[in-house]
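Here's the structure we're looking at; comments come further down.
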Amino acid sequence: PKRMAVLTSGGDSSGMNPAIRAFARMAMIKGAQVFAIREGYNGLVNDSIVPLHWGSVGGIISRGGTIIGTARCADFRKRDGRKRAVYNLIKNKIDNLLVIGGDGSLTGANLLRSEWCGLIKDLVDDGTLDKECIEKYPTLSIAGLVGSIDNDMCGTDLTIGADTATQRILEAIDSILSTAVSHQRSFVLEVMGRNCGWLALVSGLATGADYIFVPECPPEDGWEQNMIEGLERGRVSGRRCSLVIVSEGAIDKKGNPITSSYVRQTLENAGHDARITILGHVQRGGTPTFLDRYIATRMGVDAVEYFYSTDEKDKEPALIGMDGMKVTRSPLMDCVKTTQSISTLIQEKKFNQVVDLRGS
Ligand code: F6P
């Protein structure tokens, strides 16, 4: 039987558990032996690899986070760490690996695959592995699912966890607005997203925010006045509160951060009774929404199909994502490269080109 393993890496996100469950159970239905690698790439480097059974993934579909643990692993960044990872995979006879994480974690998986033969040869040369391993394990099959609340990756309309994080933000904003209305206050709400403004944008849209700051679209110089006037128009038309959403990576045209405390100060200077709420990690937790359970399950099942596929083009690492409600496979590294180009364009303040690339 095929032997396949799953690991979660980088920041956790709600929906990773349903993905692990779907992958493990579909693989078992197909007759494969399934393993969990614990604590991200640390488990690969330190041989923390455990078999999964039908029952080990029972009752996790509704749980946030990841039951197999996650981490950012420094050792895996070094060739020696990856050599130990290859040794441990071969020791456990595993040559199909599902990685659930962000672009950094998926790049690591691709690197492991590209060095696979070279590292096996090194292990044979230093007497750690038998020579027959070279022929027995010609390649490592890699599939990647994007687990991230940020929805910051090309190759999928939605990353696992983004919908749940949005739901957490909406619940928080709905609570805040009831007190804001009572006191006629203005609230500045800071949301996560690293250098992607998706969470800020969609939660602003779904709550009727007055003003939203995102990294991809820095406001024109003099935005302070423009924001105050916008909020004022709302008040004149009868609104008893104001809501400004700041993405944690928001910047101005010069690339300087727009912080929530600066926005609050600007509002206070204009006479607003303003407060800040920084949502933080509450956005990453809690029970996954329907949509996250749905996409995670579809993607986890497709990862198994991918490993069983004999299609020639499926030999390359695949990113399994969603195009609307359809599951798609794209070349993993193309998705990583486009995603990273967007980050670079933002750092270089080439904002118009960002919008073009995000569209793709
Ligand atoms: O990438 C997910 C994310 O939650 C970002 O939105 C945020 O900037 C970062 O991770 C926080 O990382 P940590 O949990 O290590 O503080």
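Read-outs throughout are calculated quantities, based only on the coordinates presented, and are distinct from any laboratory measurement. All of these numbers come straight from a predicted model, not from anything done at the bench. So basically every Cβ, Gly included, is an ideal-geometry build from the backbone, and we count neighbours across all protein chains shown.
Results, tabulated for the structure shown:
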{"item": "Inter-part distance where the range 217-241 and the range 253-321 are each reduced to a Cα centre, Å", "result": "27"}
{"item": "Centre separation in Å (Cα based) which lies between the range 124-139 and the range 46-81", "result": "26"}
{"item": "Kirkwood Rh, angstrom, the range 1-72 [1 / mean 1/r, Cα pairs]", "result": "12.1"}
{"item": "Residue with peak Gaussian network fluctuation, the chain [Cα springs, cutoff 10 Å], from Asp126, Asp152, Asp103", "result": "Asp126"}
{"item": "Most mobile of Ala143, Ala303, Ala74 in a GNM of the chain (Cα contacts under 10 Å)", "result": "Ala74"}
{"item": "Student exercise, the chain dipole from Lys, Arg, Asp, Glu Cβ charges, in Debye to nearest 20", "result": "780"}
{"item": "Per principal axis, descending, Cα span of the range 220-346 in whole Å", "result": "66, 34, 26"}
{"item": "Unit charges at the beta carbon, dipole of the chain: most positive-side option, Ala206, Gln225, Ser242", "result": "Ala206"}
{"item": "Dipole axis of the chain (+1 Lys, Arg; -1 Asp, Glu on Cβ), positive-most option in Tyr41, Ala165, Val263", "result": "Tyr41"}
{"item": "Test item: Cα-centred dipole of the range 1-126, Lys/Arg +1 and Asp/Glu -1 on Cβ, debye", "result": "300"}
{"item": "The range 104-179, Rg to Rh (Cα coordinates; Rh as Kirkwood inverse mean 1/r)", "result": "1.34"}
{"item": "Distance histogram for the chain (every C-alpha pair counted, 20 angstrom bins, percent rounded to whole numbers)", "result": "29, 49, 20, 3"}
{"item": "Rounded to the nearest 20 debye, dipole of the range 258-323 from Cβ charges on Lys, Arg, Asp, Glu", "result": "440"}
{"item": "Helix-only CD estimate at 222 nm, as mean residue ellipticity for the chain, using -39500 (n - 2.57) per DSSP H run (n ≥ 4)", "result": "-14000 deg cm²/dmol"}
